[in-house]
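Worksheet for the structure shown next.
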Amino acid sequence: MRTRARRVAVAAVLAAMLAAALPAAASSDYQPVPLPGWQMDGQTYAVVSTGSVVYVGGSFSRVTAPDGSVTPRANLAAFDLNTGALLTSFRADANGSVRSLVTDGTTLWVGGYFSTIAGAARQRLAAVDGATGAVRSGFRADANAPVFGLDLRAGRLFVGGAFRTVNGATRTYAAAVAPATGVLSAFAPTPDTTVNGIRADATGSRVYLGGNFATVGGQPHVGLAAVDGSTGAVLGITFTHTYPAVFGVDLEPSGQRVFAAVGGSGNQAAAFDTVTGARIWSQRADGDTQAISYANGTLYFGFHEGFGGDTTVRLLAADAVTGAIDPAFRPTFDRFWGIRALAATPAGLLGGGDFALVSGVNVGGLVRFPLRPPPATTTTTTSPTTTSTSTSTTTTSTTTSTSTTTTTAPAGGPVTYLGTRSIWRYQASEVAAAATWAAPGFDDSTWAQGPSQLGFGDGDEATVVPGGSPNRFPTIYFRTTFTAGKAPTSINLALLADDGAAIYVNGVEVVRDNLPAGALSYGTLASSNRSGAAESLFRSFTVDPAIVTPGLNTVAIEVHQDSLGSSDLSMDLRLSGVTPA
């Protein structure tokens, strides 16, 4: 026992040293100590939430309340997200294990090994009422073998598993059906064996498959592949350093990175570039990585056995860009198999699997990690008329002038100035902005405003801006401000722009992307067209940290089309830094 204790202690020291050597990690949004709740008497394999409801699927027969009272539930149950209490109004017992869940807030789609659910005959795939559990009679998509992955995007239900037919028609290991009826679409990729995870982009035009396969469509694609969302045809991307046991996939909202939960000989959480297929980073666990979930710049990954020799660890958080582990989020688990399902939500991180105690708290089959409290050092500067909305990491204020986000870090360390959902003012019209539009003192109070991403034509915008018709506005202008508590020692600037853009900080141009040299005017067109995945990429730029000064800072961006017939335009910006201790 002393030898084992020494090994664990040494492993913990090595893990701490490794974490210190890695780039700074994004801070997890969640606390490492969970909330207590009801417990299941078996393992869970799927978890999904909507509003204040959490659905859990797995292999269990009953759930136990904190007071010891027992309620029968066969392989599927619903709980209150905030209290953890069983929702007794929902019941949809299945006669076989439930392995995958997805919901639109009204209907719950269920996949697994079952042949009956809620008393109705359904072969391994069903749709039930999200409030009561009653089977949706209009939906029928029987599969001849288990369903392991579900994803609902762009009006279609994407399905992965071990099946070879759906509704009697040939569909080898992956399919897409109408969510209301179960009618098959033309989507028919042909991996050579099981698909464990499936994830489509926001438009449903590209679908990522993760599984045990070595080929898809007769072409070599090991464990991870990208296919056309309409036909299932393999796209021209080969992911590198992959393994033939991917248990789950998730996608960054920008579409720039796809993440894989790798098992087999891989045992890692990994991030891949969706354009080149290159593996960007990986974090290797001691056992299979069984579940992943992305949220707000962080990838959460669960596994069995341990990490870095520490056999108490089954769940970690990694920076989605660098892969660096967050040392502050390291919950402990009491059982070998650990986390098998994850869902990162705005209200908390949800996990399913094999465990009874997590960080010393009694849970069983469902663990709920609450949000961390907002940093006490975050403040907001506004002009006289103000509406403020607080989040877990920043406070964003919309005023009669440009919105201002204030972030201070007296103790030093990473700080986020602007990110997804930051509020921007914009001018989209047939005339150029005033000559001083990028200057700090410019009055933009008459401009429209909204959170990023801003643009039109792609369907993934948080704010849709006018594009001009029949000819497009060649240039659209954007402005925002933030207040910095300290001068940073380094800056990370990432821009999403379709097609070209110039960025000004405090009136000085700091980035020019896909635009010609020389003076820019309202009529200047971008140097080239961006389409497909390139439209959603965040491009990183090296800039002088002196551009950010203590106090109020102004950021202005002009986005240019490549032609007056362009179908879309997009703009988003991430700006962060590191402040000295």
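The values are calculated or read from the model by the stated rules, or taken from the named source; none is laboratory data. Since the model is a prediction, treat every value here as computed from it, not as a measurement. Glycine also receives a Cβ, built like all others from the backbone with ideal geometry; neighbour counts cover every protein chain displayed. Just so you know, the surface numbers come from the protein's heavy atoms only, side chains and all, with ligands and any DNA or RNA stripped out. Shrake-Rupley method; radii C 1.70, N 1.55, O 1.52, S 1.80 Å.
Within the stretch 93-139, can you find the residues that are hydroxyl-bearing (Ser, Thr, Tyr), free of Cβ contacts under 8 Å to residues at least 24 places away in the same chain and assigned to a strand (DSSP E or B)?
Listed by number, the list holds a single entry, Thr116.
Are there any pairs, at least 6 apart or on different chains, whose C-beta atoms fall under 6 Å, with the first in the stretch 276-291 and without any contact (Cβ under 8 Å) to a residue 40 or more places away in the chain and the second open to solvent by 10 Å² or more (accessible area, probe 1.4 Å) and of a type in the set (Val, Ile, Thr), and if so, which?
Ala278/Thr240
Does the stretch 95-114 hold any residues that are among the charged types (D, E, K, R) and buried (at least 24 other Cβ atoms within 10 Å of the Cβ), and which are they?
Arg99 - this is the single residue of the stretch 95-114 that is among the charged types (D, E, K, R) and buried (at least 24 other Cβ atoms within 10 Å of the Cβ).
Checking the condition assigned to a strand (DSSP E or B) and in contact with a strand residue (DSSP E or B) (Cβ under 7 Å, 6 or more places away or on another chain), which residue from Phe90, Phe79 passes?
After ruling out the rest, the residue left standing is Phe79.
Counting only residues that are more than 16 Å from Ser100 (Cα to Cα) and in contact (Cβ under 8 Å) with a residue 40 or more places away in the chain, which one in the stretch 189-204 is surrounded by the fewest Cβ atoms within 10 Å (Cβ to Cβ)?
Only one residue fits best here, namely Thr203.
For the stretch 251-280, how many residues are open to solvent by 20 Å² or more (accessible area, probe 1.4 Å) and assigned to a strand (DSSP E or B)?
So the count comes out to 4.
If you take the residues in the stretch 205-233 that are in a loop (DSSP other than H, G, I, E, B) and β-branched (Val, Ile, Thr), which one is least open to solvent (accessible area, probe 1.4 Å)?
Val222
State the number of residues belonging to the stretch 205-252 that are free of Cβ contacts under 8 Å to residues at least 12 places away in the same chain and in contact with a Phe, Trp or Tyr (Cβ under 8 Å, 6 or more places away or on another chain).
Adding up the residues that qualify gives 0.
Exactly one of (1) touching a Leu at 6+ places or on another chain (Cβ under 6 Å); (2) open to solvent by 10 Å² or more (accessible area, probe 1.4 Å) is unmet by Leu495. Its number?
With respect to (1) touching a Leu at 6+ places or on another chain (Cβ under 6 Å); (2) open to solvent by 10 Å² or more (accessible area, probe 1.4 Å), Leu495 is out only on (2).
Do the conditions hold for Leu342, that is, is it under 25 Å from Gly51 (Cα atoms), in contact with a Gly (Cβ under 7 Å, 6 or more places away or on another chain) and at pLDDT 95 or above?
yes
Anything in the stretch 498-543 that is touching a residue at least 24 places away in the same chain (Cβ under 8 Å), under 30 Å from the mean Cα position of the chain (by Cα) and under 26 Å from Gly441 (Cβ atoms)? List them, or say none.
Listed by number, the residues that qualify are Ala501, Ala502, Ile503, Tyr504, Val505, Val510, Val511, Asp513, Phe541, Val543.
Using the structure shown, decide if Ala74 is closer than 27 Å to Asn196 by Cβ and surrounded by fewer than 22 Cβ atoms within 10 Å (Cβ to Cβ).
yes
If you scan the stretch 476-499, which residues turn out to be modelled with pLDDT of 95 or more and over 16 Å from Ile547 (Cβ atoms)?
Of everything in the stretch 476-499, those that are modelled with pLDDT of 95 or more and over 16 Å from Ile547 (Cβ atoms) turn out to be Ile476, Tyr477, Phe478.
Is there a residue being within 18 Å of Ser100 (Cβ to Cβ) and either of a type outside the set (Ser, Thr, Tyr) or under 20 Å from the mean Cα position of the chain (by Cα) (or both) anywhere in the stretch 226-245?
For the stretch 226-245, residues within 18 Å of Ser100 (Cβ to Cβ) and either of a type outside the set (Ser, Thr, Tyr) or under 20 Å from the mean Cα position of the chain (by Cα) (or both): present.
Kindly state which strands (runs of 3 or more DSSP E) lie completely within the stretch 411-488 and contain at least 3 residues that are open to solvent by less than 40 Å² (accessible area, probe 1.4 Å) and on the phi < 0 side of the Ramachandran plot.
Of the strands (runs of 3 or more DSSP E) lying wholly inside the stretch 411-488, those with at least 3 residues that are open to solvent by less than 40 Å² (accessible area, probe 1.4 Å) and on the phi < 0 side of the Ramachandran plot span 413-418, 423-427, 475-484.
Within the stretch 526-548, track down each residue that is in a loop (DSSP other than H, G, I, E, B) and open to solvent by less than 50 Å² (accessible area, probe 1.4 Å).
Selection gives Ala526, Arg530, Leu537, Phe538, Val543, Val548.
Among the listed residues Ile237, Ile292, identify the single one that is in contact with a Gly (Cβ under 7 Å, 6 or more places away or on another chain), within 28 Å of Ala178 (Cα to Cα) and not in a loop (DSSP other than H, G, I, E, B).
Matching residue, one of Ile237, Ile292: Ile292.
For the stretch 291-300, does any single residue satisfy the condition of being over 20 Å from the mean Cα position of the chain (by Cα) and under 27 Å from Val102 (Cα atoms)?
No; the residues of the stretch 291-300 include none that is over 20 Å from the mean Cα position of the chain (by Cα) and under 27 Å from Val102 (Cα atoms).
When you scan the stretch 39-53, do you find a residue that is outside any loop (DSSP other than H, G, I, E, B), open to solvent by 30 Å² or more (accessible area, probe 1.4 Å) and free of Cβ contacts under 8 Å to residues at least 40 places away in the same chain, even just one?
Within the stretch 39-53, not a single residue is outside any loop (DSSP other than H, G, I, E, B), open to solvent by 30 Å² or more (accessible area, probe 1.4 Å) and free of Cβ contacts under 8 Å to residues at least 40 places away in the same chain.
If you take just the strands (runs of 3 or more DSSP E) that sit entirely in the stretch 140-188, which of them hold at least 3 residues that are open to solvent by 20 Å² or more (accessible area, probe 1.4 Å) and under 23 Å from Ser49 (Cβ atoms)?
Fully inside the stretch 140-188 and qualifying: 147-153.
Hey, any hits in the stretch 568-575 for a residue that's open to solvent by 40 Å² or more (accessible area, probe 1.4 Å), within 17 Å of Ile423 (Cα to Cα) and of a type outside the set (Phe, Trp, Tyr)?
So far as the stretch 568-575 goes, yes, one or more of its residues are open to solvent by 40 Å² or more (accessible area, probe 1.4 Å), within 17 Å of Ile423 (Cα to Cα) and of a type outside the set (Phe, Trp, Tyr).
Applying the selection to the stretch 498-513, what residues are crowded, with 21+ Cβ neighbours inside 10 Å and part of a loop (DSSP other than H, G, I, E, B)?
Result: Asp499, single match.
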